[in-house]
Each structure stands twice: as C-alpha cells, then as structure tokens.
Amino acid sequence: MVRLSKRVEYALLAVQAMAEQAHALLSARDIAARNHISQTLLAKVLQQLAAAGYVRSNRGVNGGYTLAQSATTISVADIVQAVEGPDMALVDCQGSADHECTAEHVCTIREPLAVLQERIVATLASMSVAELANAKHLVPLVIEQQH
C-alpha cells in the first residue's frame, strides 16, 4: 500500500494547525504537544517547509511558525514534495533514469503504474491545506470512469 512517511504526516499536522490558527504564531513545541509527536523531528520538518516557502519562521522568545501563503493555495502534494522531494514515484523505474531493472524490456506494468502515479499525485494536489483544517469544506474528487 502507498503510505505517507512520518515526516509528511508531521508536516501535514503542522500546516493544519497553522491553517486553523491563521493569525497566531505556533511554536514547534506547541504543535508537537497538541499532536503527541516528536518535537525534534517536527522542527526538522518545519525547517524544510520554511525552505520551500510554505511556512514562515519567526525567531525569538515569542517566535513561532505561520503559513507563508494562503492555506487555499497550498496543496497536500506541495507539502509532500517539500518534505520528500519532487520524486513521488511508486516504483524505482519511474523515479529515475538510472534504475536497475532486469525485466524492463518485458515489463507489462510500467505504463499502468505511471497512470496510477499520475492519479495519486492529482489526488494529493486536489486537496488544499485549508481543506485539511476545515473538513466541512472538503471537495470530493471526481474520477472519470474509462470504458
């Protein structure tokens, strides 16, 4: 099964909290305590989100983190890519050109998996951080049936 990493999970919890409290500065300690997660790992993830431009860090005694953009403009895919990198491949042969695959010349699943990967990325891109923060505004994804 496709699984999101703990780093992505922490990132999503953090941006969700920031979207819910849009006008507040939230410390890594507060976010970690609220969600019962590791503050150390969360701090590293927050640094990645800040480097990617999705989170703003304010230093000092009363410092903390806030979203650097509107929660409606940041997608779950943006957060996943900020934490895990741009390679969201399901299998090695889709992730890089220098993969080692002994069955590539007879592989029958490469193209179907590429389509599946595109659908997963589209699904992640279809949900905004604002939707994470406010479940009543969730927009269902409509998947066209191909016959």
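The numbers here are math on the coordinates, done by the rules we state, and not lab data. Because the structure is predicted, anything quoted here is derived from the model rather than measured. Please note: Cβ atoms are built from the backbone with ideal geometry, for glycine as well, and neighbour counts cover all protein chains shown.
At most 10 other Cβ atoms within 10 Å plus a DSSP loop assignment makes a site exposed; report the longest stretch of the chain without any exposed GluC sites (Glu not before Pro). Display every interim value, and only then the final one.
Details: sites that count: E100, E144.
With a cap of 10 other Cβ atoms within 10 Å, the longest stretch comes to 1-99.
Near A43, within a Cβ-to-Cβ distance under 13 Å, what is the net charge of the other residues, with Lys and Arg +1 and Asp and Glu -1?
Details: positive: R7, R29, K44, R59; negative: D30.
In short, +3.
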Query raised in the report: Given springs between every Cα pair under 10 Å in a Gaussian network model of the chain, which of H105, H36, H23 has the largest fluctuation?
Result: H105
Requested in this report: Report the longest stretch of the chain that contains none of the trypsin sites (Lys or Arg not before Pro) sitting in a DSSP loop with at most 11 other Cβ atoms within 10 Å.
Outcome: 60-147
